[in-house]
1. If a residue must be more than 17 Å from Lys237 (Cα to Cα) and more than 19 Å from the chain's Cα centre (by Cα), how many such residues does the stretch 249-271 contain?
2. Quick check: is even one residue across the stretch 69-78 over 18 Å from the mean Cα position of the chain (by Cα) and surrounded by 20 or more Cβ atoms within 10 Å (Cβ to Cβ)?
3. Kindly list the number of the only condition in (1) within 22 Å of Leu194 (Cα to Cα); (2) out of contact with any Leu (no Cβ under 9 Å at 6 or more places or on another chain); (3) not aromatic (Phe, Trp, Tyr) that fails for Cys75.
4. For the stretch 38-55, indicate whether the set of residues that are within 15 Å of Met215 (Cβ to Cβ), among the polar types (S, T, N, Q), touching a helix residue (DSSP H, G or I) at 6+ places or on another chain (Cβ under 7 Å) and within 10 Å of the ligand (Cβ to nearest atom) is non-empty.
5. Say whether the condition of being free of Cβ contacts under 8 Å to residues at least 60 places away in the same chain and within 30 Å of Gly227 (Cα to Cα) is met by at least one residue in the stretch 106-124.
6. Kindly establish whether Gly188 is more than 11 Å from the ligand (Cβ to nearest atom), modelled with pLDDT of 95 or more, crowded, with 23+ Cβ neighbours inside 10 Å and within 29 Å of Thr51 (Cβ to Cβ).
7. Search the stretch 72-92 for residues that are under 19 Å from Ala218 (Cα atoms) and pair each with any residue that is buried (at least 21 other Cβ atoms within 10 Å of the Cβ) and charged (D, E, K, R) when their beta-carbon atoms are under 7 Å apart and the residues are at least 6 apart or on different chains.
8. Residue under question is Gln23, and the condition is that it be touching a helix residue (DSSP H, G or I) at 6+ places or on another chain (Cβ under 9 Å), over 20 Å from Gly244 (Cβ atoms), outside any strand (DSSP E or B) and within 16 Å of the ligand (Cβ to nearest atom); does it hold?
Amino acid sequence: MSDQHSPVGILDSGIGGFSVARQARRLLPGENLLYFGDGAHIPYGNHDQDTIVALARYMFRFMEEHEVKALLVACNTISCVLDRCADGVSCPAFNAVQAGADAVSRLEAGKVGVISTVFTHNSRIYPQKILARSPRTAVVLSCGCPDLARLVEHNLGRPEGMAQVDENLRRELDRMVLEDKVDCCVLGCTHYPLVADRIRRLYPGLPLIDPAEEMARALKAYLDREGLANPQTSPGKLTVYTTGDVAEYALRAQQVGLERINKVEYYPPMIL
Ligand code: DGL
């Protein structure tokens, strides 16, 4: 049974969900956060639907065992298949795609760009949800990036790796931003906010939408409404589990500004 003191779960295919953990910490500093990054199977965006569903169920089971009181599905790619595996979660789940579409609805954007994994792009979930929520939006242009999440995952802090990220960003985004001239761009993969400074440098003035902020806001509203907010006054703990490289995860967390980590521990991956 979960209660006020139970952790909030955050899951992603890799370190991308750290962008969501950052916002959750900012808005809900007293909450204990339990993070699961499936480093052994990244990139999810290049897997088929059945595999993504199976991997998501595996992570949901982990969260159920740890009795989280709410779950941030900080993976847009999993968010696309949630209707096929939501029965694996018994607590309220907040997903990145819905948050992204909700964030767009607060803007006056006629032409919206979305960058995401290839799977998320092919699902067309962002255009559908944005057009359903935002009557002022006439067009949604979507771009699927096969390599970007993986490049971000393994290259933060490495100048030559970051040069590859810049090159990849230009290849994927130039047309949408410079020719099609979108009014804003949704970062439809949680890895991308981790390189938002580089996107801003390449495309100054382009408003970027990070669904993480909206997710954290929705979570806070839920916890406050249900009387489930953690009453502790000391800062909450962040505990990280990964099926990938423990040392790399500890380093990446620091690099993206997630200080005071309780522990980073290995968890065996699902065998595909
Ligand atoms: N960070 C994940 C997302 O938001 C997926 C990256 C990947 O594993 O392809 O979609």
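The values are calculated or read from the model by the stated rules, or taken from the named source; none is laboratory data. Since the model is a prediction, treat every value here as computed from it, not as a measurement. Cβ coordinates were reconstructed from backbone atoms using ideal geometry, including for glycine residues, and neighbour counts include every protein chain displayed.
1. Matching residues across the stretch 249-271 total 6.
2. Yes, because at least one residue in the stretch 69-78 is over 18 Å from the mean Cα position of the chain (by Cα) and surrounded by 20 or more Cβ atoms within 10 Å (Cβ to Cβ).
3. (2)
4. Within the stretch 38-55, not a single residue is within 15 Å of Met215 (Cβ to Cβ), among the polar types (S, T, N, Q), touching a helix residue (DSSP H, G or I) at 6+ places or on another chain (Cβ under 7 Å) and within 10 Å of the ligand (Cβ to nearest atom).
5. Yes, there is a match, as at least one residue in the stretch 106-124 is free of Cβ contacts under 8 Å to residues at least 60 places away in the same chain and within 30 Å of Gly227 (Cα to Cα).
6. Against the criterion (more than 11 Å from the ligand (Cβ to nearest atom), modelled with pLDDT of 95 or more, crowded, with 23+ Cβ neighbours inside 10 Å and within 29 Å of Thr51 (Cβ to Cβ)), Gly188 does not qualify.
7. Short answer, once both residue conditions are applied: Ala74/Asp12; Cys75/Asp12; Cys91/Lys69.
8. yes
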